[in-house]
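Take a look at the structure set out below.
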Amino acid sequence: MQGDGRPGTGGEPFERRLATILMADIVGYSRMMEANEERTLRVFRGHREIFDAMLVQHRGRMFNTAGDAVLAEFPSAVDAVRCATEIQSALRTRNDHLAPEERMQFRIGVNLGDVIVQGTDLLGDGVNVAARIQTAAEPGGVCVSGSVYDQIRNKLSLEFHSMGERTFKNITQPVRVFSIGEDAGEAAQAPATQASPSTPPTAPAASRSRPVAAIAAVVAALAVAAAAGWWYVQDRETKAAEAARAAEATKAAEALAAAEAARRKAEEVAAARIASEREARLKAELEAAQREASEAKKREAAARVAAAPSRAAAPTASPPAASLPSAPPAAVQAAAPPPAAPPVPAKASYANDGLYRGRTCWQQRGSEKGPQCWSVELTIDKHRIDASWVGKYGGGRPSSMRGQVSGTGTVTALFEGFGARGKAVMSELGGRAGEGRLSFSGVLDNGVRIDGSATRVR
């Protein structure tokens with residue numbers, strides 16, 4: 001039936017028809033969204049895939065789904081109830097593969113009634129009753145109206161439990177409600193349609209003879225037996241078909257669960273790779289900053305060493321004129337010998353120059369072990385110290401000592417070497433030189449004390 005657009009918006013045409021409506025709603029959806037929105041949406045998408053597959057399999061049509069609700073129409077009440085029960089079975093299987101906080105359950109209600117179809121909208125009293133019925137279902141359960149029960153009670157091998165007549169908000173007439181399952185209440189029994197073979201037929205008072213009555217009883221018994229055999233075969237075939245569909249649904253749910261697990265694993269691998277790359281980048285930046293700081297420290301120390309005055313030995317200055325005695329009388333001057341020529345200033349002294357040999361020792365603070373020492377050879381040439389040697393920790397790379405000795409024997413130098421883990425270290429050194437001996441000491445930037453002494457060999 002085509003309408004004139006009055007029930008909808010925008011004047012859209014509508015169709016009124018009798019249909020079976022399935023309404024599903026998530027239990028505790030708002031609480032799950034508040035706890036973790038992204039996780040809830042991800043789990044809901046997985047459950048929706050099961051809904052969509054089952055709807056296609058049972059000729060269902062999805063309508064204006066919003067948020068956590070699912071609304072679908074079926075041309076057959078049998079198809080709708082089969083779809084609802086198989087959806088719940090598949091969802092239970094999928095939930096078994098999820099963490100407890102990720103498990104999601106639905107309530108499903110099924111109703112047969114008059115509806116209005118307008119575009120992608122499904123409206124009418126039949127939809128409202130289905131929405132109210134689903135609220136009566138247990139989490140993971142299915143409830144059907146009396147109109148649905150009357151259509152399917154002899155067609156499906158399911159156990160129905162009467163919940164009596166229920167009054168729902170905005171629904172004028174009470175609705176008979178039945179749940180499907182083994183724990184919902186008292187089982188509703190379909191009315192008996194078969195006569196008992198043990199019950200003899202009522203014989204007419206005077207119109208039939210005793211042999212005719214006996215034959216009728218035998219015929220009735222055979223008919224009952226034949227009917228019972230037919231229903232037995234039909235029931236077995238129905239159960240086999242339902243078992244096959246349930247197995248297919250289980251396989252589909254397992255495949256979906258495996259795909260979900262693979263997707264989560266891929267996300268974890270990708271996250272680990274990103275974290276590793278970030279860690280490597282930060283480590284490289286830190287090492288570069290440390291190298292730059294070390295180079296700056298070396299340049300600063302070298303500048304301080306170079307700025308230290310050499311104070312080489314210089315000739316003694318003549319006393320000031322005020323300290324000279326006054327000139328003697330002319331007679332005395334004539335008798336005195338001529339004054340000697342002023343002394344020629346001596347060349348700057350390099351008394352500490354030469355080749356020195358000795359050892360350098362390290363002592364770790366707080367260590368009970370004795371110091372570690374290495375042989376060294378140093379050269380002092382025109383007050384400048386130059387030395388290099390290969391220690392224990394440099395991996396074959398040489399350590400060096402550069403500096404100078406002042407004219408008064410003060411030693412100022414910069415040491416560059418390697419620590420116990422092969423890391424570059426440095427220290428400013430101070431010491432003394434004189435009478436053929438050289439000594440120096442300092443503290444490395446890793447806290448290790450360094451001491452050295454050497455004797456001039458030439």
Query raised in the report: If Gly370 satisfies every condition in (1) surrounded by fewer than 17 Cβ atoms within 10 Å (Cβ to Cβ); (2) under 21 Å from Thr455 (Cβ atoms); (3) not β-branched (Val, Ile, Thr) but one, which is the exception?
Result: (2)
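Using the structure shown, decide if Ser76 is among the hydroxyl-bearing types (Ser, Thr, Tyr), touching a Ser or Thr at 6+ places or on another chain (Cβ under 9 Å) and on the phi < 0 side of the Ramachandran plot. Walk me through how you get there before you give the answer.
Details: among the hydroxyl-bearing types (Ser, Thr, Tyr): yes; touching a Ser or Thr at 6+ places or on another chain (Cβ under 9 Å): yes; on the phi < 0 side of the Ramachandran plot: yes.
Yes; evaluated as a whole, the condition is true for this residue.
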Query raised in the report: Within the set of pairs 6+ apart or on separate chains, which have a first residue in region 286-298 that is part of a helix (DSSP H, G or I), a second that is surrounded by 11 or more Cβ atoms within 10 Å (Cβ to Cβ), and C-beta atoms under 8 Å apart?
Result: Ser294/Ala424; Ser294/Met426; Lys297/Met426; Lys297/Asp445; Lys298/Leu414; Lys298/Glu416; Lys298/Met426
Requested in this report: Give the residues of region 375-398 that are without any contact (Cβ under 8 Å) to a residue 24 or more places away in the chain and buried (at least 16 other Cβ atoms within 10 Å of the Cβ), sorted by residue number.
Outcome: Ala387
Query raised in the report: Just a yes or no: is a residue in region 40-51 closer than 22 Å to Val177 by Cβ and hydroxyl-bearing (Ser, Thr, Tyr)?
Result: no
Query raised in the report: Taking strands (runs of 3 or more DSSP E) that fall entirely within region 76-152, which contain at least 2 residues that are surrounded by 19 or more Cβ atoms within 10 Å (Cβ to Cβ) and in contact with a Leu (Cβ under 6 Å, 6 or more places away or on another chain)?
Result: 106-118
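Out of curiosity, is Ile215 of a type in the set (A, V, I, L, M, F, W, C) and at pLDDT 75 or above? Full working, then the answer.
On the way: of a type in the set (A, V, I, L, M, F, W, C): yes; at pLDDT 75 or above: no.
No: the conditions fail for Ile215.
Please find, within region 139-170, the residue that is modelled with the lowest pLDDT out of those that are charged (D, E, K, R) and in contact with a strand residue (DSSP E or B) (Cβ under 8 Å, 6 or more places away or on another chain). Walk me through it before giving the result.
The initial filter retains those residues of region 139-170 that are charged (D, E, K, R), namely 150, 153, 155, 159, 165-166, 169.
In the following step, the residues that additionally are in contact with a strand residue (DSSP E or B) (Cβ under 8 Å, 6 or more places away or on another chain) were identified as 153, 159, 165-166.
Details: Arg153: 88, Glu159: 92, Glu165: 93, Arg166: 91.
The residue in question is Arg153.
The values are calculated or read from the model by the stated rules, or taken from the named source; none is laboratory data. Here the structure is a predicted model, which is why all the values come from computation and not from measurement. Here Cβ is always computed from backbone atoms with ideal geometry, including for glycine, and neighbour counts include all displayed protein chains.
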